[in-house]
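Below is one structure, written out as structure tokens; the observations come after it.
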Amino acid sequence: MTYLQYRITAYRYALRMLLKQANQFALMISTLFYIFLPGLIAAMFFGLGRIIQNDSEQASNQIIWGCLLLQTLLLNVLKPAILDDAHRMFHHSLTKSKIRLIASDIAQLVASHVLLWMSLILALAMGVDKLARAPHFIGFMITQLGMGIMLLYRPQAAVLTLVASLVLLATTSSNLAYLAWLNACLLALSFVKPIRLRYSPTKLTVWSFWALYGLCHAWSLAWRVSISLLVVWGVAVIGVERPELLHWYTPMAALFASLIWASLCIKTTKYINQHRLFWASLKQLGALAQAQHILIFVLYFLCWLTGVILLRFDVFSLAILILAPVLQWCAATIPQRLAVCWGSFAVLTYLVKALM
């Protein structure tokens with residue numbers, strides 16, 4: 001078996017394992033998103049089209065940033081499969097060439113980069129003449145690839161670039177200037193040494209325990225916040241273009257956020273079980289579980305409130321907020337039933353909405 005054949009085989013196996021782990025999550029999403037998925041794909045192509053049209057440079061810059069954030073979240077999920085992290089050291093026994101190793105990584109990155117493929121499809125559909133009149137879109141595709149490569153080897157640089165480029169959105173620079181500054185930040189931040197945050201509480205309490213958990217599992221919180229805000233932002237874009245559909249998509253944003261935050265209870269409950277005897281000896285096991293649900297609900301409430309501010313208040317969104325603790329309880333006590341619970345709740349919400 002050649003090195004390239006091994007990489008392809010390992011990549012396919014990692015994807016199968018990833019899909020196997022996501023079976024329950026896919027069931028939950030398919031309950032609601034089989035209706036909305038075509039619209040969301042169309043919205044992605046619409047967003048890329050807005051970048052090309054460049055009617056408003058500020059709006060185009062915002063869409064560029066949103067697309068880069070989305071690709072960062074998606075590629076971070078696929079990163080272990082792309083790099084074959086589980087067997088990375090074994091690669092050096094198959095090839096001594098570092099260039100060959102990096103070339104294989106980049107080839108699998110391109111194969112996994114769904115948003116880059118969407119941009120390429122749109123660019124091919126435009127033709128050379130129209131594409132020549134939109135040089136910023138070519139720059140955007142180069143940035144997509146550059147951000148993806150940086151995420152593989154310098155993930156901190158990619159994240160800090162997203163933060164810096166978010167600040168740059170306050171300016172009214174042209175698309176080309178915005179992309180130039182973004183790539184300059186990406187290049188400069190690639191030389192910054194990894195930043196490691198440390199927190200050592202003087203006294204261990206249930207709250208400091210969860211603060212330590214959040215610090216050690218910051219990515220688990222960051223991607224949930226990012227996805228929640230991206231969904232709200234996507235629904236807001238749909239609301240601007242098709243305001244008559246906004247009342248259908250607003251509950252969807254609240255439902256999706258309730259799902260991903262409730263799923264966090266599955267991980268935190270496992271973490272509690274690992275330290276159950278310690279907290280039981282302090283007679284604070286119940287307080288630890290209560291703090292878990294309070295903190296997760298507060299995080300969900302902040303995402304929900306952002307949706308209300310950017311979209312509009314909806315009685316169905318309020319009902320979803322009120323019933324969010326039920327989903328959290330289900331995730332913590334009977335996680336295998338979370339799919340049924342959330343799916344039933346989603347179907348019931350839209351059934352009542354359709355009948356009213």
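The values are calculated or read from the model by the stated rules, or taken from the named source; none is laboratory data. The structure displayed is predicted, hence computed values, not measured ones. Reconstructed Cβ throughout: ideal geometry from the backbone, glycine too, with neighbour counts over all protein chains shown.
Key figures for this structure:
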| read-out | value |
| --- | --- |
| Unique residue being at pLDDT 85 or above, part of a helix (DSSP H, G or I) and either of a type outside the set (Val, Ile, Thr) or under 21 Å from residue 347 (Cβ atoms) (or both) when the list is 254, 236 | 254 |
| Some residue of the stretch 328-342 being in contact with a His (Cβ under 6 Å, 6 or more places away or on another chain) and either surrounded by fewer than 17 Cβ atoms within 10 Å (Cβ to Cβ) or assigned by TED's automatic domain parsing to the domain that holds residue 264 (or both) | yes |
| Hits in the stretch 115-159 (condition: in a helix (DSSP H, G or I) and among the small types (Gly, Ala, Ser)) | 119, 123, 125, 132, 139, 146, 148, 157, 158 |
| Within the stretch 142-156, tally of residues that are of a type in the set (A, V, I, L, M, F, W, C), within 15 Å of residue 65 (Cα to Cα) and buried (at least 19 other Cβ atoms within 10 Å of the Cβ) | 1 |
| Qualifying residue in the stretch 289-308 (condition: part of a helix (DSSP H, G or I), touching a His at 6+ places or on another chain (Cβ under 9 Å) and either on the phi < 0 side of the Ramachandran plot or not assigned by TED's automatic domain parsing to the domain that holds residue 240 (or both)) | no |
| Candidates 213, 199 - the one that is in a loop (DSSP other than H, G, I, E, B), on the phi < 0 side of the Ramachandran plot and not assigned by TED's automatic domain parsing to the domain that holds residue 113 | 199 |
| Pair list, Cβ under 6 Å, 6 or more apart: the stretch 336-347 residue of a type in the set (Phe, Trp, Tyr), other residue modelled with pLDDT under 80 and crowded, with 17+ Cβ neighbours inside 10 Å | 342/28 |
| Test: residue in the stretch 20-38 that is outside any helix (DSSP H, G or I), under 20 Å from residue 260 (Cβ atoms), of a type outside the set (Lys, Arg) and at pLDDT below 70 | yes |
| Top-ranked residue in the stretch 224-273 [being of a type in the set (S, T, N, Q) and in contact (Cβ under 8 Å) with a residue 12 or more places away in the chain; ranked as surrounded by the most Cβ atoms within 10 Å (Cβ to Cβ)] | 258 |
